[in-house]
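Heads up, the thing below is written out as structure tokens.
The values are calculated or read from the model by the stated rules, or taken from the named source; none is laboratory data. Please read all numbers here as calculations on a predicted model, not as lab measurements. Cβ sites come from the backbone with ideal geometry, for glycine too, and all protein chains shown count toward neighbours. These accessible areas exclude ligands, DNA and RNA; they are computed on the full protein's heavy atoms, side chains included. Shrake-Rupley method; radii C 1.70, N 1.55, O 1.52, S 1.80 Å.
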Number of protein chains: 2
Amino acid sequence: MKKTFLIVLGLAAGLRGYGQTTVPLTARMEQVGLTFALGPGGQPTYAVQYGAQAVLKPSRLGLALADGQGFDGPLEVVGSETKEVDETWRPVWGEVRSIRNHYQQLTVHLRQPAPPRRQLDVVFRVFADGVGFRYEFPAQSALQYFTVQDEKTEFNLPANHKAFWIPGDYDSNEYTYSTTRLSEVNSANIEAIQLKSAPQRVQTPLMLKSDDGLYINIHEAALVNYPALMLNVDTKTFGLSSQLVPDATGTGAKAYLQAPEHTPWRTIIVSNKAPDVLASKLILNLNEPTKLTETSWIQPQKFVGVWWEMHVNKASWNYSDVSNIKLADTDWGKLTPNGHHGANTANVKRYIDFAAKYGLQSVLVEGWNVGWEDWANNWKEEVFDFVTPYPDFAVAELQQYAQSKGVKLMMHHETSSSVTNYERRQDAAYRFMKEHNYDAVKTGYVGRIIPRGEHHDGQWMVNHYVRTAQKTADNHIMVDMHESVRPTGLHRTYPNWLASEAARGNEFNAWSSGNPPEHETILPFTRLIGGPMDYTPGIFQIKLEGWNPQRNQGKQVHTTLTKQLALYVTLYSPLQMAADLPEAYEQHLDAFQFIRDVPVDWDDTRILLAEPGEYITTARKAKGKDEWYVGSITDEQARQQQIKLDFLTPGQQYEAILYADGKGGSWDKNPQAYQIRRQKVTSKTTLKLQLAPGGGTAISIKPSR
Amino acid sequence: MKKTFLIVLGLAAGLRGYGQTTVPLTARMEQVGLTFALGPGGQPTYAVQYGAQAVLKPSRLGLALADGQGFDGPLEVVGSETKEVDETWRPVWGEVRSIRNHYQQLTVHLRQPAPPRRQLDVVFRVFADGVGFRYEFPAQSALQYFTVQDEKTEFNLPANHKAFWIPGDYDSNEYTYSTTRLSEVNSANIEAIQLKSAPQRVQTPLMLKSDDGLYINIHEAALVNYPALMLNVDTKTFGLSSQLVPDATGTGAKAYLQAPEHTPWRTIIVSNKAPDVLASKLILNLNEPTKLTETSWIQPQKFVGVWWEMHVNKASWNYSDVSNIKLADTDWGKLTPNGHHGANTANVKRYIDFAAKYGLQSVLVEGWNVGWEDWANNWKEEVFDFVTPYPDFAVAELQQYAQSKGVKLMMHHETSSSVTNYERRQDAAYRFMKEHNYDAVKTGYVGRIIPRGEHHDGQWMVNHYVRTAQKTADNHIMVDMHESVRPTGLHRTYPNWLASEAARGNEFNAWSSGNPPEHETILPFTRLIGGPMDYTPGIFQIKLEGWNPQRNQGKQVHTTLTKQLALYVTLYSPLQMAADLPEAYEQHLDAFQFIRDVPVDWDDTRILLAEPGEYITTARKAKGKDEWYVGSITDEQARQQQIKLDFLTPGQQYEAILYADGKGGSWDKNPQAYQIRRQKVTSKTTLKLQLAPGGGTAISIKPSR
């Protein structure tokens, strides 16, 4: 939404004569201190403190350019400026109604000491919960077009912290997290999705915990026109160095830029309290405000979909079982149907009926369009056309039917990572959507990227995602991107970009070793630091053999049923799927009531308890209502928790409904055991929660009538 | 146009039991013989004879696939078929009214002797003037998606022939020709356009001449969904081996295919008479007939353009002289005009007036659209948008003005090789064209390709050119592609693809060492074997200092004035530019009359005299008229020629107008000397031509009234 007010509290001292040039230069906000200095060789460095504790030791700054005349040698400080900003703004949707953006900014003007005397600015913003900084390339005759060959930014940690990490794969972030000391980071034996990495390379957001109790998160904000940042870990010194995702030329080039330009923000969130990391708005604050002035078409929502039934081998995306088709040459009407195509008209109507009956806004349909017979892993360019339905999917009839029931259909565009093909067809695809009354699309990027040689997380693809966010916005379309680069807060700028997957979602439980119970206690500290995730919670039929005994033998979601409910609160997203099949929900309508009730947009959020890899308990206040929802989850450990409801309006009586693990419940032995109880509560109440191993509790709290 | 009739004269003997499997297998058409055999290691080979002369010694066939299970090892013959086809078809436009397609076809069915027992067919077509063959991958369960890693096709020449060659650059064919023995092929010291090659690698069409008088041309036909073929020359054995242009992955992969599929045709044109090579329709015959049924919108034409004045430094493509702009952020109206922008409304009107006055159909305008300030060599993706005119180019007004004068404007789309950007904007660009009454576009691909790492001549770009031919056809737009891969006869299939540049055009004379006088005597034997070239002949102001003494010092076109006229006949194209400025033509309106008269579409063509690198004399009959036009050109040698007009209708009286070099004329000393004389002629006349060094003669012959 709009900025409500902006107070520039003060411009810096030292603006005379282009500012101060004596290093070190410092900036501070409450506990967080930043020091900029020049190293012995004249290279710029920075260091971060939290109170008396070192967060980052002096760490190198700089960039190497392809022409050899970059900013990786000595630089001189030719000036500096500071200013303080304190403003508050309202997101279009989110975890809180308004966000304070309060920081001290230090801009350091640097210059090469010898010709071509190129200039580089480093801009630091110091918040009470961390630091963001970026490189800015001012307009100058000596630097117009240039290629970033390597970024030299370091994050030198003072000790062998505990790290929550996934491999630095250039093409996938769909991994379970490893929790090790920095000295033990090694992804050599991790089962790869499509690994292009090195054993000591990890992805951001990287969550760290020091032995002296600091929680540190390293990531980036506003990733635009630049490759994603990965980190090489020095397992001896505990220094992290930047690894940008390279382009397709094989020259090691990373980013093609034109001045004036800037890099994304490099971010360090820090606190001695884990909940502060989850509550941080630092990354959102470092993103640009949206340029959209009319946002009523952007609707946070819950949805069901013809989707999980494919994952559990009850249905297929493809309409027929041939293995070798050509998009342009195939007469789809003449293919022999395989008899279990999920996206058939009758089945979609069933989902529409279900959504309408239980008040969910929309129905996603995957596999509606031709091309799924051999869509993946063939490095085929012409895979989908995004406008031709299978013979058994009646677009117009379904759209009319959905409309008559007050339900929206959600479009699906799997690109198979043939992005050149998608870009050629995007205009026509969005035109088709608008003609058929779709206003939200889930995109997918499974497989190797075309343009061949490019990576999911390289500059070219980063620009594609951003362009797609803009292009969908131009068409008043909401978008949910799967297999994209992990988010960096761009949903502030593009509030129609409701969510991304960009991590290992619930689906992995259906066809791999799955996600361990700790997974969802780490995601908010890592992947979700950048933005909402379409995790697809809400699986009630936890043992998957029930759907297909042969093909799902031993498969299950690593959860209890009520933990699935709690995820709607602990994993924030404005777009939440009720991922299971209607027939699964209809067997547990009492528990399903929580999914019906839980909002996807909030006025306030309180992180009550949190420890990465162990537990998270979050309370949120519904947008525009005096209703609260609590989610509490644990890893494989059973836990007792006491939570004070002191966030409730004093004096007001509420009724809480607790959806808790049942007696003897546990994710592996008895995942579907649950109990639902009602309790009168006030702001003085303390609730006792009992979480089963791999379990969770969900609570709705509404004013008593 | 349409096939007029098709006679399948006979299916082969030996179709019983899946055909003959005893090698060698042979096929023959008149003097040309083809032998297929298996080599000592079981690898397939082929050899070509012309009468008793060996054209190609036994030469290897095969393909290596990326999965290691390709067709580069031993194969067994599991069957073969032959058939003879004799049909005649009419091109939509061209050098002749109808084309005979008469060949003997031999299909050899091959199979790997061990599992996976993949099948491969080699299909040979033997014509009276050469051989075409291609690999075909039948539909089979053991081969669906596959990657061609290398093509193993060889062309083993029996002796150290003379070769007319350019370096095997993956990104440019804009070279002058080297004429050497095969043993001396070496491009190491050739000034590169953007060379990615090896010293002994050359491009096709490769023209060869043997000491015993054979003229041999090696090229390919119907290049679709495959990279261009280049040739590695073994300077000791005179063997040529295939080099396909690689993709961007850096893995050496060449083509991503899906069976059923086939490669382009590999072609060997051969004769003991040089004119036969120029007259060959082998490559057109190997291309697919067009699917277009309504072609009245395809109009061969002559045009002038706001173009040469930029090359001769009288005007600029760019509107202002800033060096660093961003397409999306620039307020074009606020830029300071440089005062010499060529594509301004008044100047374009001048060209429209000129075209209207002298009966030329259209006016090309380059530099009309924003983005030219820093368009080249920056590896910038968002260079042009193809729909925004510069402030001084009044699109609507000019379109109205042109229409009132009966003249068409021709669109220009320079992509700067940012092809991803062009593809995203192609739909909008063509919509803009149709809205503004444009029906022809000249495209350009200057610079390094984006998708980065891809090459102009790789599979991805080959598909782009073909897709663009199709997409323009869908919009009833004619297209002329510059800096594209060299043609392979696809104008049969896409008759709206009127011409390409794809070689070193006349423009090089304006800003480089230029094209030597022999250049245009080689082009028809090389580049034009694949299809028409937009060479931009017709330069009258040959010494370029006249336009800009400072910047054009010593620059000139390496030609006489009347050689420029002769090129309209010797270099066939349905799209011919009168490339010079109106003021140049207005000083020589008597000579300009030939350009006004000469057609661009023909009923018949006779190559009267030809020797590559020395001279070409061609006579053509105007479409639907009893009018003939003759062009005769020479290299730097003065020549006398006698040409018999026995192609004229017997008994008919004609008036010939001869545009000949003037006395003492020569390309370097006195290029503008010319004489025009009229002469009564009949079919019994023999004309004596006197060509100056670097000169030429043009003749129009019309029935006497």
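Below is a table of values for the structure above.
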| item | result |
| --- | --- |
| Computed E for B:VAL322/A:VAL387 - FRET, C-beta separation, R0 41 angstrom, nearest 0.05 | 0.50 |
| Spatially proximal aspartates and glutamates relative to B:LYS408 (Cα-Cα < 12 Å; intrachain offsets below 8 disregarded) | B:ASP353, B:ASP439 |
| Interatomic Cα distance distribution for the protein assembly as shown, bins of 20 angstrom, percent | 9, 32, 32, 20, 6, 1 |
| Computed E for B:ASP590/B:ASN377 - FRET, C-beta separation, R0 60 angstrom, nearest 0.05 | 0.90 |
| Cross-link table B:LYS314/B:LYS405; A:LYS357/A:LYS621; A:LYS644/A:LYS680, entries beyond 21 Å C-alpha to C-alpha | B:LYS314/B:LYS405; A:LYS357/A:LYS621 |
| For B:HIS262, residues with placed amide H under 5 Å, excluding near neighbours | B:PHE137 |
| HN-Hα J in Hz across the range A:107-122 - Karplus 6.51, -1.76, 1.60, θ = phi - 60°, x for Gly and Pro | 9, 10, 8, 10, 8, 5, x, 10, x, x, 6, 5, 9, 9, 9, 10 |
| log₁₀ of I(q)/I(0) at q = 0.13, 0.14, 0.16, 0.17 Å⁻¹ - the range B:318-456, Debye sum with one point per alpha carbon | -0.57, -0.66, -0.84, -0.94 |
| Mean ellipticity per residue at 222 nm, deg cm²/dmol - from DSSP H runs of n ≥ 4 across chain B, formula -39500 (n - 2.57) | -4000 deg cm²/dmol |
| Diffusion constant of the range A:223-306 at 10 °C, which comes from Stokes-Einstein with the Kirkwood Cα-pair radius and 1.306 mPa s, µm²/s | 92 |
| Translational diffusion coefficient (Stokes-Einstein; Kirkwood radius from C-alpha pairs) of the range B:641-705 at 20 °C, 1.002 mPa s, in µm²/s | 172 |
| Rotational relation A to B, axis-closest Cβ in chain A, residue and distance rounded to whole Å | A:PRO451, 2 |
| Other protein chain Cβ atoms within 10 Å, averaged over every residue that makes up B:450-458 | 5 |
| Projected-area mean, chain A, by convex hull of Cα positions, square nanometres | 30.5 |
| Residues in the range A:603-646 reached by a label modelled at A:LYS688 [backbone nitrogen below 13 Å; 7 Å Cα→Cβ] | A:640-643 |
| Efficiency of FRET between B:HIS476 and B:ALA356 - r from beta-carbon atoms, R0 22 angstrom, step 0.05 | 0.40 |
| B:ASN338 versus A:ASN548: modelled label distance in nm, points set 7 Å from Cα along the beta carbon direction | 6.3 |
| Average accessible area per residue (Å²) across chain A - probe 1.4 Å, nucleic acids and ligands excluded | 34 |
| Calculated from backbone phi, Karplus (6.51, -1.76, 1.60) coupling profile of the range B:596-611 in Hz, x at Gly/Pro | 4, 7, 5, x, 10, 8, 9, 8, 7, 9, 10, 8, 7, 8, 6, 8 |
| For a label point 7 Å along the Cα-to-beta-carbon line of A:GLN653, residues of the range A:663-686 with backbone N under 12 Å | A:680-682 |
| Whole-percent carbon and sulfur share, accessible surface of the protein assembly as shown, 1.4 Å | 47 |
| Amide H partners (placed H, <5 Å) of A:GLY94, local residues excluded | A:TRP602 |
| Per-residue SASA entry for B:VAL322, accessible area with 1.4 Å probe, Å² rounded to 10 | 60 |
| Across the identical copies, how the A:SER98 labels are spaced - nm, sorted shortest first, 7 Å along Cα→Cβ | 8.6 |
| 15 Å reach of a label modelled at A:THR295, 7 Å along Cα-to-Cβ, counting backbone N of the range A:515-544 | A:532 |
| Eligible aspartates and glutamates near B:LYS273 by straight Cα distance, threshold 18 Å, same-chain separation 8 or greater | B:GLU30, B:ASP129, B:ASP211, B:ASP212, B:GLU611, B:GLU614 |
| Accessible surface buried upon A-B contact (total; probe 1.4 Å; Å², nearest 100) | 2800 |
| P(r) of the range A:117-226 over all Cα-Cα pairs, binned every 10 Å from zero, in whole percent | 11, 35, 31, 18, 4 |
| Residues of type aspartates and glutamates that B:LYS349 reaches as a straight line, Cα spacing below 13 Å, ignoring anything fewer than 8 places off in the same chain | B:ASP392, B:GLU397 |
| Peptide A:97-108, shielding by other chains (average Cβ, 10 Å cutoff) | 0 |
| Loop GluC sites (Glu not before Pro), the range A:186-288, which have at most 13 other Cβ atoms in a 10 Å radius of their Cβ (DSSP) | A:GLU191 |
| For chain A: relative contact order, % (alpha-carbon pairs under 8 angstrom, 6 or more apart) | 11 |
